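Shown next, in structure tokens, is the structure this report addresses.
Please treat every number below as a calculation from the coordinates, not as lab data. What you are looking at is a predicted structure, and each value in this text was computed from that prediction instead of being measured. Cβ coordinates were reconstructed from backbone atoms using ideal geometry, including for glycine residues, and neighbour counts include every protein chain displayed.
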Amino acid sequence: HRALLLPEVVAAILNTGSDEPGLLYNCLFVNHLFLEEARRILWSTCDSFTGVHPDIQDLGTMVLRDDIGPYRAQVYANLVRELSFHYDNTQIDQTSWHSVLCQLEFPQLVSVSFWETDHGAALNTEAIILHYAKSNLRQLSVDGCVPLSDHFFDRMASLCSKLNYLLLHPFKVTASSDSVVRMLKRMPNIGSVDLERGFEEVFSLKMLEVIASYPNLNQAVLPYVQDDDLLAIQADAEKRWFPKLRYLYISATAESLRIFRQIVPGIEAIGLKNHEMGRTNDVLISASGFRQLTSFTAQLNSSTVIHGDELLQLAQGCPGLEELKIG
């Protein structure tokens, strides 16, 4: 049919069945048009967990092969839009391919993820992460990496201004709070931010102010925020903080939640991570003030005491509550 001579028609057909294992690979052998479109879709993602697309090892092996090499492998790297490093199904540590893949550039990359255990995370260095931090990057997830310095945050501030999703879990942040603030200020499009681990020692009022002022922020996963910092932004009545925040995951006291309720009452999901804090009683009573709450989960210290009337007050105060998990 003549329609099969049109790239957009072929692309639509292949996209429809792209989740079917083997389909894209078989389409490489139909004709030149199917080859081009199938290759583009096939290599748009480099992640072994999809079961359909190539993975890190496939691309790295191309670089090392004498009959292919970096020059030819770059043709495929040019197509990659999503890149994910983790342990694949055969338990091969994909961080071992970092030095090989750094011979390639990824001009179309919009999403890169480093999902590693503590063992592999040591190989996620600043230089490695920055290699993939391009100007068109939209999503960056780093679940474990070496300590991050001022140099890293200063470079990120100039590279990734279009990010809308940021997850950073370094072993530690050795940079100053001001360096982190400068980076966050250059990322005004953030819709989801996760700085839960590694930032405990540098998290400051200025960082909170920048995050709270993001116009599109829908989800925040933060370390413990001092009550005084929350009171400081609450006192600034001229600004509307957290205008679109709906999902909040944080370590918090009952007083912290009470202040949050005054600042952003429309939160729909709260996840408390208080297992490393001391006794945090009355958090359910404070949470009951979020009238639009649909989900409340809490990891509490074993010394925390919860009474039945607190559960009743939470249920009565949040009529739309659908999920309740306390451990």
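Summary of values
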{"quantity": "Gyration tensor (alpha-carbon) shape descriptor, the range 186-241, a/c threshold 1.5", "calculated": "oblate"}
{"quantity": "Cross-link table K244/K273; K162/K244; K162/K206; K172/K273; K134/K273, entries beyond 24 Å C-alpha to C-alpha", "calculated": "K134/K273"}
{"quantity": "For L217, net neighbour charge (Lys/Arg +1, Asp/Glu -1) across residues whose Cβ lies under 13 Å away", "calculated": "+1"}
